[in-house]
DNA sequence: CATAGAATGATGTTAGCA
DNA sequence: TGCTAACATCATTCTATG
């Protein structure tokens, strides 16, 4: 597997051999390395004028791109004979040949990557059986919440009120107001530990109303706890909040209720909650996999954007999650998917969750008046040297603590640019490898191979937070123990692939679509370094991924198990001063290609089943 | 030419308070 | 309820520099 056949060094190989076994062997070897199929234009990109100085003649390069993909040369010759030198048509034919040749039981059996070989320390090497044991006292709640309430009530009645946690007190209070325990606790989990009573009641009312009209949230309604608990106060308030619910309903009837971001962005749950969640959702028939799908974008998009996204993705409720619960850096994102949400588990080792844990060396220089424990969202640009110099000069004028005004000035810029303390009076932007670590990638994931420092920041800033996504994807591990076929759109630096790999989900076939060549190179080298046994097929433009091509891919690979991707946020992100045009913007409108491709995949697969 | 630096606000949410 | 202030935000584009 250490042969690198994706370069131009493979001219030595005698492709004219008649030996079937040898062909097969080479095919296996080559197919397991990665491929880069350009789809721009009628011919391969490398055949333009500049590349003509290469010693490799055009024809062999044209053939080579398919050889590298792992197709036998006879098939390639046949396909070229049929279609001429049109890479699209040739690929279609080749995939058809492959589909006809492959018998169903020939699906590659890929063994899990038990010993991942990333060289860094914080990589997947810690993956082991422990993840299975990561059960956080789930049953104490989900088995019978009413019993729990009874216990709490008993303690309360036994004058143990002071020993009750804030959460338990609130739960009791809500129960007294007549709300089912289950709904109350869901509300508390969703709204966060500091949620006020009105917020919680508001949430419960909204949930009740949406359940009444929303077929996607058909939870069992538990018996009302009014019968269990005595009514000891809160009656007046309940009346008030019922009034509030009425108003809300009025609003809902008169117009569309827009998606509201939850104050505490924990989605359908996070691994570190003291009390596990009991959220259950039942998706409508037509949205249930295969394939599973997973869509991501910025949570703080302009008004109405998430409503549109939801409308185009089967009206499934997105979950909004801030990665600050998984990492030392914030990242507020919406995730819309049809994955199960029960029995999720996090990646191990758990990443550092405070700045000091993530950057221990900074602790020494961190002034007490900078009270940050988490970094803000990592973006694509970093603070300048001039700014850090200004800050140093501003701070070092004072012996001890600088005056309030200076503190304010420094903190404003530190927060804005995610600056950290690296020396006496010295702040600095994060190093690229620190960003990699904070986002859950192996160290040096984006380093080298002709990639500039600026490009590293840019690629990383546009990426998934791996731990967050992996937590959501973790349910796939038991569903696909023998390997998964992934269609990864807008792959970037491979956040989805890295997440699945670190989870121990064997990657059988990955079709990765990514516009940036720099990013494709990063994923390719990661794929090789981690000794993946599956196939990686690269495309560069989602817009050129036609239904026909998808059909051929599905026939060839046996369908996709997961369609995953986060479409461009350029025109949605708050940092964009120039072209924050919403979903219709130049790049962000590619969301509709995600929808188109997902729809195509679903319809093609349902026809083939 | 490639790379890094610097300048360029607006939108939306939340908290606090009268 | 309505106002204000505080705060965060997967960025773009021109310019300098080698």
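The values are calculated or read from the model by the stated rules, or taken from the named source; none is laboratory data. These numbers come from a predicted model, not from an experiment. FYI the Cβ positions are ideal-geometry reconstructions off the backbone, even for glycines, and counts take in every protein chain you see.
Annotation note: of A:318, A:346, A:351, the sole residue that is buried (at least 19 other Cβ atoms within 10 Å of the Cβ), within 16 Å of DNA strand B (Cβ to nearest atom) and at negative phi is A:318.
Taking the condition within 16 Å of DNA strand B (Cβ to nearest atom) and at pLDDT 95 or above, does residue A:470 pass? Before you say what the answer is, go through the steps one by one.
Working: within 16 Å of DNA strand B (Cβ to nearest atom): no; at pLDDT 95 or above: yes.
It is false that residue A:470 is within 16 Å of DNA strand B (Cβ to nearest atom) and at pLDDT 95 or above.
As a summary of the residue check, residue A:475 satisfies the conditions (1) within 11 Å of DNA strand C (Cβ to nearest atom); (2) modelled with pLDDT of 95 or more except for the one numbered (1). Residue A:399 meets all of the listed conditions (1) away from DNA strand C (no atom under 14 Å from the Cβ); (2) in a loop (DSSP other than H, G, I, E, B); (3) crowded, with 17+ Cβ neighbours inside 10 Å but one, namely (3). Here residue A:583 clears all of (1) within 16 Å of DNA strand B (Cβ to nearest atom); (2) in a helix (DSSP H, G or I); (3) over 20 Å from residue A:492 (Cα atoms) except the condition numbered (3). Closer than 22 Å to residue A:378 by Cα, surrounded by fewer than 19 Cβ atoms within 10 Å (Cβ to Cβ) and within 16 Å of DNA strand B (Cβ to nearest atom) - does that describe any residue in the range A:587-606? Yes - at least one qualifying residue is present in the range A:587-606.
State yes or no: is residue A:491 at pLDDT 95 or above, away from DNA strand B (no atom under 16 Å from the Cβ) and surrounded by 18 or more Cβ atoms within 10 Å (Cβ to Cβ)?
Values: at pLDDT 95 or above: yes; away from DNA strand B (no atom under 16 Å from the Cβ): yes; surrounded by 18 or more Cβ atoms within 10 Å (Cβ to Cβ): yes.
Yes.
Restricting to the range A:573-592, name every residue that is over 24 Å from residue A:487 (Cα atoms), within 12 Å of DNA strand C (Cβ to nearest atom) and in contact (Cβ under 8 Å) with a residue 24 or more places away in the chain. A:573, A:574, A:575, A:580, listed by residue number.
Considering only residues that are within 12 Å of DNA strand C (Cβ to nearest atom) and out of contact with any helix residue (DSSP H, G or I) (no Cβ under 7 Å at 6 or more places or on another chain), which ones fall in the range A:357-380? Before you say what the answer is, go through the steps one by one.
First, pick out the residues of the range A:357-380 that are within 12 Å of DNA strand C (Cβ to nearest atom): A:370-380.
Listed by number, the residues that qualify are A:371, A:377.
Only one of the numbered conditions (1) more than 16 Å from DNA strand C (Cβ to nearest atom); (2) buried (at least 19 other Cβ atoms within 10 Å of the Cβ); (3) not in a helix (DSSP H, G or I) is not met by residue A:552, and that is (3). Within the range A:430-439, at least one residue is within 13 Å of DNA strand B (Cβ to nearest atom), surrounded by 14 or more Cβ atoms within 10 Å (Cβ to Cβ) and free of Cβ contacts under 8 Å to residues at least 40 places away in the same chain.
Just checking: which of the strands (runs of 3 or more DSSP E) contained wholly in the range A:256-356 hold 3 or more residues that are without any contact (Cβ under 8 Å) to a residue 12 or more places away in the chain and more than 16 Å from DNA strand C (Cβ to nearest atom)?
Those strands (runs of 3 or more DSSP E) do not exist here; none qualify.
Assess whether residue A:335 counts as being away from DNA strand B (no atom under 16 Å from the Cβ), under 29 Å from residue A:359 (Cβ atoms) and buried (at least 18 other Cβ atoms within 10 Å of the Cβ). Write out each step before concluding.
Values: away from DNA strand B (no atom under 16 Å from the Cβ): yes; under 29 Å from residue A:359 (Cβ atoms): yes; buried (at least 18 other Cβ atoms within 10 Å of the Cβ): yes.
So residue A:335 passes the test.
Restricting attention to the range A:436-447, does a residue exist that is more than 23 Å from the chain's Cα centre (by Cα) and over 30 Å from residue A:337 (Cα atoms)?
Keep residues of the range A:436-447 that are more than 23 Å from the chain's Cα centre (by Cα), which gives none.
No, because not a single residue in the range A:436-447 is more than 23 Å from the chain's Cα centre (by Cα) and over 30 Å from residue A:337 (Cα atoms).
For the range A:502-519, state whether one or more residues are crowded, with 23+ Cβ neighbours inside 10 Å, in contact (Cβ under 8 Å) with a residue 60 or more places away in the chain and within 22 Å of residue A:461 (Cβ to Cβ). Yes.
In the range A:560-579, the residue that is surrounded by the most Cβ atoms within 10 Å (Cβ to Cβ) out of those that are within 14 Å of residue A:379 (Cβ to Cβ) and within 12 Å of DNA strand B (Cβ to nearest atom) is A:572. When we screen A:391, A:406 for residues that are more than 11 Å from DNA strand C (Cβ to nearest atom), touching a strand residue (DSSP E or B) at 6+ places or on another chain (Cβ under 9 Å) and closer than 15 Å to residue A:427 by Cβ, the only hit is A:391.
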